[in-house]
Amino acid sequence: MIPQYRLKQGMLVCLVACIFILSLVSLYSSGEEATESQAISIKEATLRALENNRAFLIERINPEIQKTYEMEQKAVFDPVVNLESNQSKSTLASGIVDLTNIERKNNSIDVSKKFSTGTEVSLGIEMQRIDSERSGVQTSAAGVISINQPLLEGFGRGANLANLRKAQLALLASEYELRGFAEALVADVEKTCWDYVLARKRISIFQESLKLAQDQLEETDKRIKIGTLAKVELYAAEAEVALRKEALINARSDLALTGLRLRRLLNNPDGNPLETWVNISDTPVAVDTEINALSEYIQQALKMRPEINQAKLDLKQGEIEVIQTKNGLLPVLDFFITAGKTGYSDSFGDAFGKIDDGNYDISAGISFQFPIRNRADKARYNRSIISKKQSEEALKNLEQLIEVDVRSALIEINRAREQVSATAATTRLQEESVKAETEKFRVGKSTALLVARAQRDFVASQITEIEALITYLKATINLYQEEGTLLVRRGIEAPGNEPVSLNDAY
């Protein structure tokens, strides 16, 4: 009775262990987490990344920050209201013991504004009340207008709008930078999606090759048992099975890493983004991309690449800096005029009514200031000239680098396109070689080692073929990115879609 009970208990333990092992094998064979995956297209993956990618969300804030600098520079020309009120009391001695107490109250309000020509205008009202023990109460009210106009330094729209224009150019530059980041993100997502498709295809190929190697091992073992093959043939078959298992392990690891990188790019907002598995539904197809003339791609890249437009904006900022610092070399020569009419009475109300009685004040003049050596302004001006020259050279260098990028992308896409057809032909021939070698083995004219080598070459050709196809698709993406048209071709709208012209006045 006890042995039978132990037998049943042992069988139960074995059954549980088998179920556990099978579950682990199932989990491991998938190469992914044991979570439900969602099938999406590459286009859907791109849109998700543009909406949820953390790095892109950070980058999208930069234009908003730059916008605040533009608002800050515009505020320089906003009207300013000034209010002032003060009260004082003094005692004057007119003799040895005769003292007079005088109390003064002053109130003023004015509105001042600076214009882009450098002109500063102020309109205001001043009120004063003097209470003296000797002369009684006297009230005055005056309307005053003041104008200050720089004649040399600080004169003209070019000098006074320089900071605003530089802030506006910086805002545009941040938009082109955002566009460049978006293009890089879209390219990265699409390439990673194709890498993910490639990783899954590798697993499928290696699984099929492992099955072929196991079948070959079984057949070899049968032939050894019936005496038609030497036992030494078994070692080659077993080694081949081990090699296929090793390749399958590496392929599953590659799929897991690629999936992790893809999930990081998409950053799915539902749950933990790094645990929400996705499956790419697109199938790689060799679409024959129409290749235009090299000059067309180069011209397009020199207009649309975000980097080139940023460099042009930097050059424009340098030109504005030259204008601003050149104006700073001039001496300060300002013309000013102040005019006002004053009314006097015992109260403020009556004083305002008597402003037109003919009492007025007017003053005008000029102020001049100029440092003797003026070294600081000269240094700033010389630095702006040198920096502008540096920006011009940087732009020329960038244009050359962009041309190299476009030429390299075209060379790669032509190579990849030729490789697609070449590897497809190689795969067909290797498949026939496997069939021939297997048939020879069955009739005793080949060995397990030669069959394994033929199968291995066939697997390698299959991997090379799918890799060539994915490389071609990625080369197409890279060409559009180097041309600066990837977002346009994908129907994605983004700021910075207009090329910058150096001939446009700003």
- Message: Can you tell me the length gained on complete extension of the stretch Lys43 to Thr117, counting 0.36 nm per residue apart and subtracting the Cα distance?
- Response: 21.5 nm
- Placing each pseudo-label 7 Å from Cα in the direction of the beta carbon, Gln214 and Glu296 end up separated by a distance in nanometres of 5.2 nm
- Query: At a 1.4 Å probe, what is the % contribution of carbon and sulfur to the accessible area of segment 135-229?
  - Reply: 54 percent
- Query: Which residues in segment 411-436 place their backbone N less than 16 Å from a point set 7 Å from the Cα of Thr289 along the Cα-to-Cβ direction?
  - Reply: 411-421
- Query: Based on the Cβ-Cβ distance from Phe370 to Glu493, what FRET efficiency comes out when R0 is 56 Å, to the nearest 0.05?
  - Reply: 0.60
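How much mean residue ellipticity at 222 nm does the chain get from its helices, if each DSSP H run of length 4 or more adds -39500 (n - 2.57) and you divide by all residues, to the nearest 500 deg cm²/dmol? Please list the in-between numbers first.
Working: 13 runs with 310 residues, N = 506.
Computed ellipticity for the chain at 222 nm equals -21500 deg cm²/dmol.
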- What's the percent breakdown of Cα-Cα distances in the chain across 10 Å bins, shortest bin first? 3, 11, 14, 14, 12, 10, 9, 7, 6, 5, 3, 2, 1, 0, 0
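Restricting to DSSP loop positions (anything but H, G, I, E, B) with no more than 13 other Cβ atoms inside 10 Å of their own Cβ, which trypsin sites (Lys or Arg not before Pro) remain in segment 251-346?
Numbers: sites: Arg252, Arg261, Arg263, Arg264, Lys303, Lys312, Lys316, Lys326, Lys341; in loops: none.
Sparse-neighbourhood loop trypsin sites (Lys or Arg not before Pro): none present.
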- Item | Angle in degrees between helix 375-442 and the longest Cα principal axis of the chain, rounded to the nearest 10 | 10 degrees
- Message: Before I look further, what does the chain give for accessible area per residue, probe 1.4 Å, in whole square angstrom?
- Response: 58 Å²
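Extension gain Arg261-Ile125, at 0.36 nm per residue separation less the Cα-Cα distance, in nm? Don't skip to the end; give the middle numbers.
On the way: separation 136, 0.36 × 136 = 48.96 nm, distance 6.84 nm.
Extending this stretch completely gives an extra 42.1 nm.
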- Carbon and sulfur %, accessible surface of segment 355-506 computed with the full protein complex present, 1.4 Å: 51 percent
- Message: Taking θ = phi - 60°, what integer Hz values does the Karplus form 6.51 cos²θ - 1.76 cosθ + 1.60 yield along segment 154-164, in sequence order, with x for Gly and Pro?
- Response: x, 9, x, 5, x, 6, 7, 9, 4, 5, 5
- In debye, nearest 20: dipole of the chain around its Cα centre with unit charges on the Cβ of K, R (+) and D, E (-)? 1560 debye
- Query: Which of the aspartates and glutamates could a cross-linker bridge to Lys225, judged by Cα under 19 Å and excluding same-chain residues fewer than eight apart?
  - Reply: Asp215, Glu233, Glu238
- Note on the structure: Once both label points are put 7 Å beyond Cα along the C-beta direction, the Gln390-Asn101 separation in nm becomes 6.8 nm
- Message: How much of the DSSP bridge set in the chain is antiparallel, in percent, rounded to the nearest 5?
- Response: 95 percent
- Excluding residues fewer than 8 positions from Lys166 in its own chain, the lysines with Cα under 25 Å of it are Lys67, Lys74, Lys113, Lys114, Lys303, Lys312, Lys316, Lys326, Lys378, Lys388, Lys389, Lys396
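What trypsin sites (Lys or Arg not before Pro) does segment 400-506 have in DSSP loop regions with at most 11 other beta carbons within 10 Å?
On the way: sites: Arg407, Arg415, Arg417, Arg428, Lys435, Lys440, Arg442, Lys445, Arg453, Arg456, Lys474, Arg489, Arg490; in loops: Lys445, Arg490.
Passing both the DSSP loop test and the Cβ count: Lys445.
With a Förster radius of 25 Å, plug the Cβ-Cβ distance of Val232 and Ala436 into 1/(1 + (r/R0)^6) and report the FRET value to the nearest 0.05. Walk me through the intermediate numbers first.
Numbers: r = 23 Å, r/R0 = 0.92.
It comes to 0.65.
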- Query: Tell me, in nm to one decimal, what length is gained between Ala424 and Val76 on full extension, where the rule is 0.36 nm per residue of separation less the Cα-Cα distance?
  - Reply: 118.5 nm
- Query: Distance in nm between label sites at Ile323 and Asn272, each 7 Å beyond Cα in the beta-carbon direction?
  - Reply: 5.7 nm
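The values are calculated or read from the model by the stated rules, or taken from the named source; none is laboratory data. Treat the numbers as computed from the prediction; the structure is a model and nothing was measured. For neighbour counting, all protein chains shown are included, and Cβ atoms are generated from backbone atoms with ideal geometry for every residue, glycine included. Note: areas computed on protein heavy atoms with side chains; ligands, DNA, RNA excluded. Shrake-Rupley method; radii C 1.70, N 1.55, O 1.52, S 1.80 Å.
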